[in-house]
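The values are calculated or read from the model by the stated rules, or taken from the named source; none is laboratory data. The structure presented is a predicted model; accordingly, all values stated were derived computationally and were not measured. Note: ideal-geometry Cβ built from the backbone for every residue, glycine included; neighbour counts use all protein chains shown.
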Amino acid sequence: MDPGLRRDDNSTSCVTAKRSVFLILNSCFSIMIFNSYIFLFVFFPIAWLGFWMLRGKQPRYIWLTLASYIFYGYWDWRFTALLLVSTIIDFYVARQIPKHEGKKKKMVLLISLAANLGMLGFFKYFNFSIDSLQSLFTLFQLSPTLPNLDIILPVGISFFTFQTMSYTIDVYRGKLKPTKNFMEFACYVSLFPQLVAGPIVRFSDIDSDLENIDQHGRTQSFHRGGSMFLVGLAKKVIIADTIAHFINPLFANTGDLYALTAWVAIIGYTLQLYFDFSGYSDMALGLGLLFGLKFPQNFHSPYKAVDIQDFWRRWHMSLSAWLKDYLYIPLGGSRKGTVRTFINMMLTMLLGGLWHGASWNFVVWGGIHGTLLGVTKIIKPWHDKLNYWFRRFLTLFLVMISWVFFRNITFGDSTNMLRAMFSFDNWTMPAAWNLESQIILFGMLFVGALIALFAPNSFEIKYSTKKSVAILLAFLFVVSLILMNYTQQVFLYYQF
């Protein structure tokens, strides 16, 4: 080697360290998610301070809308066009609906439904439909080759399309008067705290907050909002992402799973999903409060449910309410006998499964829950007499089995995992798990289970202003910042 190119060990170590720091910073600033440095230290402080420095409704509408479009466009600026198109269509459709009656009124509403469902159908379900048709042709030994398009799924499209459709439907039903202020509506549609993963906010939920957006902020809301955000961040980073670090490799190759690893994987995912979604919900509601907006509750300790109906009253509450009000009840609800009720439940849950993702695994997952809801309704008088703790255990066990299909990519992966879970053939620790890994993983599972099963939900906690509470929250924040370097994961519900 040329002497001029030779580097000593210290120099090499220094370069390696600098490269590591660069990679860490690049990863933490390359995506805009709540658990990223760019959000915590750049985007949010500017958005929040700018919002409260402005006076008047219109300037705040414009500022918050602009901030939300920047947040959304950071993923891919092209997606903002979809958001804008959906906003424009639904704003003007809603303004036209009260001007018509009968069939004309319904036709105006159909413009909104067709536009939103058309966007959602193309971006989320086009390739799924093509692949399903291709498989059907192959089954019947037919040879046509159908085109597959290179479609990028816009983040959160399922959320904002359902949100804007709820607005036009409510106007059509006479439950809402359409707003005349375009910027108010644009602000409502694009609110970054809940834009990409919910909750699905109806206009009636926050219309009074938006109407009074020019009011001064309340210290109590700031304190509660900030506390909820930090608790949610800790749930996501410290618990959910740490568990994901260990179980993601297990799901990557389900064919190699055996009894112990399969059960660890699904128990781990059950808790990962809980703290990922619970953490996001806390952060979204906390951010809303920091901007003077009170979003609807979306998560209420679902693993404390005593039956599947109770589970769906607690899990993704805004989606459950949306499916009930805009799908299940219009289908007839439970008003037309047992058989029709079961069919309505099944259709609602099958479509709810498809809402989560364009995969037959999600359809199966929805079918499982539709079946369980129907069976629960039939046997409820007998079921309610069972021991309370047994009902909780049975409900959680059934939910956990359904997560097998929710988490795995293919139906084959799901059957591999179920086969391994109930083979009971091997209970030895994987060679790759050293003692330190085992302590971290099983310790986190134990702590997570205690919180999920017995602790109060975040919105039930009275956040004290005591110094000790502030120190605890600061400690959780610092730990979260450190762990973000190593375990950062996108929120699971971002994919929907």
Going through I206, I200 one at a time, which residue ends up being among the aliphatic types (A, V, I, L, M), more than 30 Å from I440 (Cα to Cα), part of a helix (DSSP H, G or I) and assigned by TED's automatic domain parsing to the domain that holds S166?
I206
Tally time: how many residues in segment 92-147 are loosely packed, with under 10 Cβ neighbours inside 10 Å and touching a residue at least 24 places away in the same chain (Cβ under 8 Å)?
0
Unmet criterion (only one of (1) of a type in the set (F, W, Y); (2) more than 19 Å from L453 (Cα to Cα); (3) assigned by TED's automatic domain parsing to the domain that holds K462) for Y274
(2)
Failed criterion for I46 (all others in (1) of a type outside the set (D, E); (2) under 29 Å from F277 (Cα atoms); (3) surrounded by fewer than 17 Cβ atoms within 10 Å (Cβ to Cβ); (4) in contact (Cβ under 8 Å) with a residue 40 or more places away in the chain hold):
(4)
Which of (1) within 21 Å of N248 (Cα to Cα); (2) without any contact (Cβ under 8 Å) to a residue 40 or more places away in the chain does F411 not meet, given it meets every other one?
(2)
Going through segment 51-71 one residue at a time, which ones are crowded, with 19+ Cβ neighbours inside 10 Å and modelled with pLDDT under 95?
none
It is to be established whether one or more residues within segment 68-90 are assigned to a helix (DSSP H, G or I) and of a type in the set (D, E).
yes
Return a yes/no flag: does segment 184-194 have any residue that is buried (at least 21 other Cβ atoms within 10 Å of the Cβ), in a loop (DSSP other than H, G, I, E, B), in contact (Cβ under 8 Å) with a residue 40 or more places away in the chain and at positive phi.
no
Of a type in the set (D, E, K, R) and farther than 24 Å from F454 by Cα, is that true of R392?
no
Considering every residue within segment 286-297, establish whether at least one is assigned to a loop (DSSP other than H, G, I, E, B), more than 24 Å from L492 (Cα to Cα) and touching a Gly at 6+ places or on another chain (Cβ under 7 Å).
yes
Would you mind stating whether Q297 is at pLDDT below 95 and not aliphatic (A, V, I, L, M)?
yes
If I ask for residues that are in a helix (DSSP H, G or I) and either under 13 Å from the mean Cα position of the chain (by Cα) or not assigned by TED's automatic domain parsing to the domain that holds L273 (or both), which ones from segment 474-496 would you list?
L492, Y493, Y494, Q495
Which residue is nearest to Y188 (Cα to Cα), if the candidates are limited to segment 69-117 and must be among the charged types (D, E, K, R) and over 23 Å from the mean Cα position of the chain (by Cα)?
D90
G332 - would you say it is exposed (fewer than 15 other Cβ atoms within 10 Å of the Cβ), free of Cβ contacts under 8 Å to residues at least 40 places away in the same chain, among the small types (G, A, S) and farther than 23 Å from A284 by Cα?
yes
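Yes/no per residue for (1) of a type outside the set (S, T, Y); (2) in a helix (DSSP H, G or I); (3) in the same structural domain as R419 (by TED's automatic domain parsing); (4) closer than 18 Å to L120 by Cβ:
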{"site": "L350", "(1), (2), (3), (4)": "yes, yes, yes, yes"}
{"site": "K380", "(1), (2), (3), (4)": "yes, yes, yes, no"}
{"site": "F397", "(1), (2), (3), (4)": "yes, yes, yes, no"}
{"site": "S402", "(1), (2), (3), (4)": "no, yes, yes, no"}
Of these, R340, R392, which one is under 25 Å from the mean Cα position of the chain (by Cα), part of a helix (DSSP H, G or I) and over 26 Å from D413 (Cβ atoms)?
R392
